Amino acid sequence: MLPKVTKAPLKGFFLSVLFLGLILESKAQPPNSTHGPNQILMKGTILTAKDSAEIANSNSMVNAGVGSAMAKYGKANQLYYKMIDSLSKIIFKHPYEDSAGLSYGTEWVGTPNMGLRRPNFVVIHHTANNSCEETLNYFATPGGREASAHYVICKDGTVHHMLNDLLRSHHAGDSKWGNNTDLNSSSIGIELDNNGYQPFTEAQMNSLTTLLERLKTTYKIPAANFIGHGDVAPARKADPSVQFDWKALSEKGFGLWYDDTTNVEVPQNFDYLMGLRIIGYDISSPASALTAFKRHFMNENSTIINAEVRKVIYMVYRKFE
Ligand SMILES: [Zn+2]
């Protein structure tokens, strides 16, 4: 579901993008590099710039011809380049800009020992829209709530990669998981085209799995860090819906799941809210946290707590101890 975005102060925005990496053509190349300009350098890793939907849509090269998404959204793609250009200017302003008014900028000593920050979470959404096109148009338009996602996956399995994985997308809004209070800065946002009441299609889930495999491998994202928007914003969001099969996803290594609860004895003193907190949920609204947990792990929309729910919370909690 699309996030409600509160506009951050300009300074906060600059700081949030300051360290994010860009493809800087030859400027990113170390001396004697044999790697071309289409490669992004990360410490210990070299990624090709073709790191996107091209792989998820694995059978073909990017189709940029007449009628293609790239042609249809040409104006939006130009706006993307403008944005990248303005962000790169900020990064070129060495620590002078980063020092934000303090005197450190004048004492700047550069270091070449750096890399790009990597996403460490994946947040999955459903769009709550009626079509992929509706979502793409919304995300491609400046202004409004300024919402976006790194990826949009349509019902037919087509993957639209909307911005570089290493940039901050506005997809999670106000969010909290554990002590992380800015999921947008540390996560990849994936939107699944779905109005919130439909089943997710097989083609969509296949594309999602391919994409998640790539993200997990490339950025070394732990299995526990594949979560839903409703998990990180339980009082505001309910996506992906109960129709989303987190269990199947966990069996492929994305998200954690619990073991058989049949013979489990939950300790008398087990505080289920503390259990939810340790898993990662914001428990400032206990009913919302419980609802989010049940949606994710029990495919239910309810706030009922009973012996079975306590068992499931306890068993998930054990995975996060
Ligand atoms: Zn969402």
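Only the coordinates and a few stated rules stand behind these numbers; no lab work does. Quick caveat: nothing in here was measured; it's all calculated off a predicted structure. Glycine gets a Cβ as well: all are built from the backbone with ideal geometry, and neighbour counts include every protein chain shown.
Could the peptides 149-157, 235-243, 67-75 be put in order, highest first, of the mean number of other beta-carbon atoms found within 10 Å of their residues?
Per-residue Cβ counts within 10 Å, averaged per peptide and sorted highest first, yield 149-157, 235-243, 67-75.
Using Cα pairs closer than 8 Å and at least 6 residues apart in sequence, work out the relative contact order for region 123-193, in percent.
Contact order relative to length: 41 percent.
Out of residues 5 or more away from N164 or on other chains, whose amide H comes under 5 Å of its own, with H placed 1.01 Å from N in the peptide plane?
Under 5 Å from the amide H of N164 lies no amide H from a residue far enough along the sequence or on another chain.
Once you put a point 7 Å from the Cα of V66 and another 7 Å from the Cα of E146, both along the Cβ direction, what distance in nm separates them?
My value for the distance between the label points is 3.8 nm.
For region 273-278, take each phi angle, set θ = phi - 60°, evaluate the Karplus expression 6.51 cos²θ - 1.76 cosθ + 1.60, and give the result in whole Hz per residue in order, putting x for glycine and proline.
Values per residue, Gly and Pro as x: 5, 5, x, 4, 5, 5 Hz.
Looking at region 235-321 from every direction and averaging, what is the projected area of its Cα convex hull in nm²?
Hull-based average projected area comes out at 5.6 nm².
Note down the net charge around S285, summing +1 for each Lys or Arg and -1 for each Asp or Glu among other residues with Cβ under 15 Å from its Cβ.
+3
What is the sum of charges around E308, taking Lys and Arg as +1, Asp and Glu as -1, for the other residues whose C-beta is under 15 Å from the C-beta of E308?
-1
From the phi of every residue in region 130-135, what ³J(HN,Hα) in whole Hz does the Karplus formula 6.51 cos²θ - 1.76 cosθ + 1.60 yield, where θ is phi - 60° and glycine or proline is x?
8, 7, 4, 4, 4, 5
Label D260 and I90 with points 7 Å out from Cα along Cα→Cβ: what is the distance between them in nm?
Simple spin-label model gives 5.3 nm for this pair.
P(r) for region 272-320, please, calculated from all Cα pair distances in 10 Å bins and given in %.
31, 64, 5
Around T181, what is the net charge, scoring Lys/Arg as +1 and Asp/Glu as -1 over all other residues with Cβ under 12 Å from its Cβ?
-2
Explain nothing, just compute: Karplus ³J(HN,Hα) = 6.51 cos²θ - 1.76 cosθ + 1.60, θ = phi - 60°, for every residue of region 247-258 in order, whole Hz, x for Gly and Pro.
5, 4, 5, 5, 5, 9, x, 10, x, 9, 9, 9
Quick one: which of 279-289, 91-101 comes out on top by average Cβ neighbours within 10 Å, and what's the full order, highest first?
279-289, 91-101
I need two numbers for region 161-313: Rg to one decimal and Dmax as a whole number, Cα atoms only, in Å.
Expressed in Å, the Cα Rg and Dmax of region 161-313 come to 15.6, 49.
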